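To keep things clear, I will list the structure first and then write my remarks on it.
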Amino acid sequence: MKRRIYLFVTSLLLLVMGACMLVACEKGHAKAEVVSQTETMVVIKINETEGFATLLDAMNYLKEEGELAFEISGGMVSSIEGKRNPADWSACWMLYTSDVEMSNSEWGTIEVNGSVYGSAILGAESLQVSSGEYYVWSYVTF
């Protein structure tokens, strides 16, 4: 009888530990994540591209996860985390990336934590994402 109780308790503990590890692993490896955020800048890292054809797909994933709030108007990102582009376009959210194939440094660059990112060649709804790359939204005033 003691042996059955011991096996039952041991099995139950292993099951609980396994479930906890599964939950911890799932939370620790997001497909995309906001790695840095200020009022005028958001840095997104793509950890894996499965399910993402474009940056907009990854941003929608982050929105569903409650990590990013944004709005699109007229095909452009018009607001991130409540900071809106003004009607006169004297400032707006600009996109930069570490992906050299999807950026053009001649169009402009931004430095974040010692890394230089080039201006994205496409908008969020067309820009293909790559694993390990960073995508930076910066609120730029003209």
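Candidates are the residues of segment 84-106 that are within 17 Å of residue 141 (Cβ to Cβ) and surrounded by fewer than 16 Cβ atoms within 10 Å (Cβ to Cβ); the one that is nearest to the chain's Cα centre (by Cα) is 84.
Of the residues 116, 112, 129, 136, which is among the aliphatic types (A, V, I, L, M) and exposed (fewer than 14 other Cβ atoms within 10 Å of the Cβ)?
Just one listed residue meets the conditions, 116.
So, residue 18, is that one surrounded by fewer than 16 Cβ atoms within 10 Å (Cβ to Cβ), at pLDDT below 60 and within 21 Å of residue 133 (Cβ to Cβ) or not? No: the conditions fail for residue 18.
Taking every residue in segment 42-71 that is touching a residue at least 40 places away in the same chain (Cβ under 8 Å) and pairing it with any residue that is charged (D, E, K, R) and not in a loop (DSSP other than H, G, I, E, B), at least 6 positions away or on another chain, the pairs with Cβ-Cβ distances below 8 Å are 44/33; 45/33; 47/33.
Take the residues in segment 56-75 that are assigned to a helix (DSSP H, G or I) and of a type outside the set (S, T, N, Q); name whichever of them is farthest from residue 37 (Cα to Cα). This residue is 57. A single member of 41, 76, 59 is of a type outside the set (Asp, Glu) and in contact with a Ser or Thr (Cβ under 8 Å, 6 or more places away or on another chain), and it is 41.
Among residues of segment 114-127 that are under 18 Å from residue 59 (Cβ atoms) and of a type in the set (Phe, Trp, Tyr), those with a Cβ under 8 angstrom from a residue that is loosely packed, with under 15 Cβ neighbours inside 10 Å and modelled with pLDDT of 95 or more, sequence gap 6+ or separate chain, pair up as 117/109; 117/111.
Selection of segment 67-83 for residues being of a type in the set (Ser, Thr, Tyr) and surrounded by 14 or more Cβ atoms within 10 Å (Cβ to Cβ) yields 78, 79.
Select from segment 24-59 the residues that are more than 30 Å from residue 83 (Cβ to Cβ) and surrounded by fewer than 10 Cβ atoms within 10 Å (Cβ to Cβ) and write down the one among them that is modelled with the highest pLDDT. Applying the filter and picking the extreme gives 50.
Applying the criterion of at least 1 residues that are within 20 Å of residue 39 (Cβ to Cβ) and touching a Cys at 6+ places or on another chain (Cβ under 8 Å) to the strands (runs of 3 or more DSSP E) found wholly in segment 76-142 leaves 76-80, 134-141.
Close contacts from segment 94-105, counting a first residue that is touching a residue at least 24 places away in the same chain (Cβ under 8 Å) and a second that is among the aromatic types (Phe, Trp, Tyr) and open to solvent by 30 Å² or more (accessible area, probe 1.4 Å), with Cβ to Cβ under 6 Å and a gap of 6+ residues or different chains, come to 98/134.
The values are calculated or read from the model by the stated rules, or taken from the named source; none is laboratory data. Because the structure is predicted, anything quoted here is derived from the model rather than measured. When we count neighbours, we look across all protein chains shown, and the Cβ atoms used for this are built from the backbone with ideal geometry, even at glycine. Note: accessible area is taken over every heavy atom of the protein model, side chains too, but ligands, DNA and RNA are not part of it. Shrake-Rupley method; radii C 1.70, N 1.55, O 1.52, S 1.80 Å.
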